[in-house]
Amino acid sequence: MTRSSNETWTVTIVVPEDSSLDEAGETYDLEVGADETILTAARSAGVWLPADCQQGWCTTCAARLVDGDVVHPNARRYYDEDDEAGYILPCTAKPRTDTTVVVDQYDDFLEFRAANNRPPGNSKLDS
């Protein structure tokens with residue numbers, strides 16, 4: 001479904017119970033515009049998600065896509081296998097449907113990237 005740039009989608013953010021984030025165990029429903037990233041919308045709503053570079057490079061913000069569809073038009077380092085495995089980078093991800101994501105997946109994502117010989121996987125795991 002295509003919507004105009006002034007329309008929004010509902011993005012449900014699930015923070016796992018075992019997360020070290022202050023929001024652990026919480027679920028948030030946010031309205032995210034077509035030209036807005038999930039990270040920007042979350043922070044605007046007072047939900048502080050981890051992120052460093054905000055360019056899709058460092059992968060600190062890694063999350064799992066449970067349901068829905070996003071695009072990463074400006075991600076500097078996002079691969080087809082990331083998408084196929086259900087990972088997203090909220091700092092660059094823009095929803096294209098109502099979407100549910102599980103955040104704070106950095107450690108799992110590093111393992112995934114290392115197993116696929118993609119950066120920053122092995123370099124971060126070996127340090």
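Every read-out reported here was derived from the displayed coordinates using simple, explicitly stated rules and does not represent laboratory data. As the structure is a prediction and not an experimental result, all values here were calculated from the model. With ideal geometry, Cβ positions are generated from the backbone for all residues, glycine too; neighbour counts draw on all protein chains shown.
Some observations on this one:
- Along each principal axis, Cα extent of the chain, largest first, Å: 43, 30, 23
- Coupling constants for region 91-99 follow from the phi torsions by the Karplus curve (6.51 cos²θ - 1.76 cosθ + 1.60, θ = phi - 60°), and in residue order they are 5, 10, 6, 10, x, 10, 8, 4, 9 Hz; glycine and proline get x.
- Angle in degrees between helix 106-115 and the longest Cα principal axis of the chain, rounded to the nearest 10: 50
- Proxy reagent accessibility, fewest Cβ within 10 Å first, across 57, 9: 57, 9
- Value at 222 nm in deg cm²/dmol, rounded to 500, when DSSP H runs of n ≥ 4 in the chain each add -39,500 (n - 2.57): -5000 deg cm²/dmol
- Sequence-distant contacts, meaning Cα pairs under 8 Å at least 6 residues apart, place the relative contact order of the chain at 28 percent.
- Computed magnitude of the charge dipole of region 8-125 (debye, nearest 20; Cβ of K, R +1, Cβ of D, E -1): 560
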